[in-house]
1. H232 is checked against (1) of a type outside the set (D, E); (2) open to solvent by less than 20 Å² (accessible area, probe 1.4 Å); (3) in contact (Cβ under 8 Å) with a residue 40 or more places away in the chain and fails just one. What number does that condition carry?
2. Could you tell me which residue of the stretch 191-224 is nearest to D173 (Cα to Cα), considering only residues that are open to solvent by 10 Å² or more (accessible area, probe 1.4 Å) and in contact with a Gly (Cβ under 6 Å, 6 or more places away or on another chain)?
3. On the basis of being without any contact (Cβ under 8 Å) to a residue 24 or more places away in the chain, open to solvent by 10 Å² or more (accessible area, probe 1.4 Å) and more than 20 Å from G80 (Cα to Cα), does S35 make the cut?
4. Quick one: count up the residues across the stretch 76-92 that are without any contact (Cβ under 8 Å) to a residue 40 or more places away in the chain, of a type outside the set (A, V, I, L, M) and crowded, with 21+ Cβ neighbours inside 10 Å.
5. Do the conditions hold for S42, that is, is it of a type in the set (S, T, Y), open to solvent by less than 10 Å² (accessible area, probe 1.4 Å) and not in a strand (DSSP E or B)?
6. Going by what's in this entry, would I157 be described as of a type outside the set (D, E), surrounded by 15 or more Cβ atoms within 10 Å (Cβ to Cβ), on the phi < 0 side of the Ramachandran plot and in a helix (DSSP H, G or I)?
7. If you scan the stretch 54-75, which residues turn out to be among the small types (G, A, S) and open to solvent by 20 Å² or more (accessible area, probe 1.4 Å)?
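The values are calculated or read from the model by the stated rules, or taken from the named source; none is laboratory data. Keep in mind that this is a model prediction, so the values were computed, not measured. Neighbour counts are summed over all protein chains in view; Cβ atoms, including those assigned to glycine, are modelled from backbone coordinates with ideal geometry. Only protein heavy atoms, including side chains, enter the accessible area calculation; ligands, DNA and RNA are left aside. Shrake-Rupley method; radii C 1.70, N 1.55, O 1.52, S 1.80 Å.
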Amino acid sequence: MKIIPVLDILNGVAVHAVGGLRSSYQPLKSKYCESPCPVKISETLKSRFGLCEWYIADLDGIVHRRWNLNLLSKLAGNLGQLRIDAGIRQIEDLFELGSLVCTNHCIISSESLTDCSVLDSLVCMCEPSQFVFSLDLVDGQLNAPNGAWGKRSLIEIVEYVAGRGIQEIIILDLAYIGCEKGPGTSELCAGIRKAFPDLQLITGGGIRTCDQLKILEQSGVDSVLVGTALHHGLLSEEIISRYCLESSGNDSNTRG
């Protein structure tokens, strides 16, 4: 299992995401970088820990439809391939994002997607492996526009997405992000791993300790999104380095 660092960007700066309450997000105060500039933070952590895989949430795009295209392009140029959630709702958003879609992993999130039929069109326009699907939750309940997924259960949504050729799934509960609750998705992840052993499974939200990382690893998770615990120094540098080294070495996952 590996750690994937998180940057949430709002008004062009990195912010501390807490519980999905985006109107109250404040500029990020990182232990490792005095500036909330996303470029400086990412460069510092890349230099210190070798963190080259990143999850970027462009909240300006998700909330306001004002994408930080220049900033995202610069981050991709400095870091390599990113997983970018820019709040894709409709097919037309691909044209707004331009080359970022082709050169990075573009996240399609249940929170933003207006209808599951849009996903069908997206995977026909681009190689499905370019996309990552984010199953967004709030306290364990699906976070999506009304009617977007019909009456499908969470497992049935994952089945639908996997059937379209998407190979990587994020399970993200907004109620746990930036909070002290610990991860809230381990049971769901274990169920998805059992049903879909070949999917790349990512989760995040509320991770604070090495023991919590081990719980997720035992649930069959391939990667963990870490924001607050990384930027605030809640995980030791030894733990961060170990999970980063594992990302470039053997797969340590304990799939049953």
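1. Of everything listed in (1) of a type outside the set (D, E); (2) open to solvent by less than 20 Å² (accessible area, probe 1.4 Å); (3) in contact (Cβ under 8 Å) with a residue 40 or more places away in the chain, H232 misses just condition (2).
2. My answer is Q212.
3. On the way: without any contact (Cβ under 8 Å) to a residue 24 or more places away in the chain: yes; open to solvent by 10 Å² or more (accessible area, probe 1.4 Å): yes; more than 20 Å from G80 (Cα to Cα): yes.
The answer is yes for S35.
4. Qualifying residue count, the stretch 76-92: 1.
5. When the stated conditions are applied, S42 passes them.
6. yes
7. The one that is among the small types (G, A, S) and open to solvent by 20 Å² or more (accessible area, probe 1.4 Å): S73.
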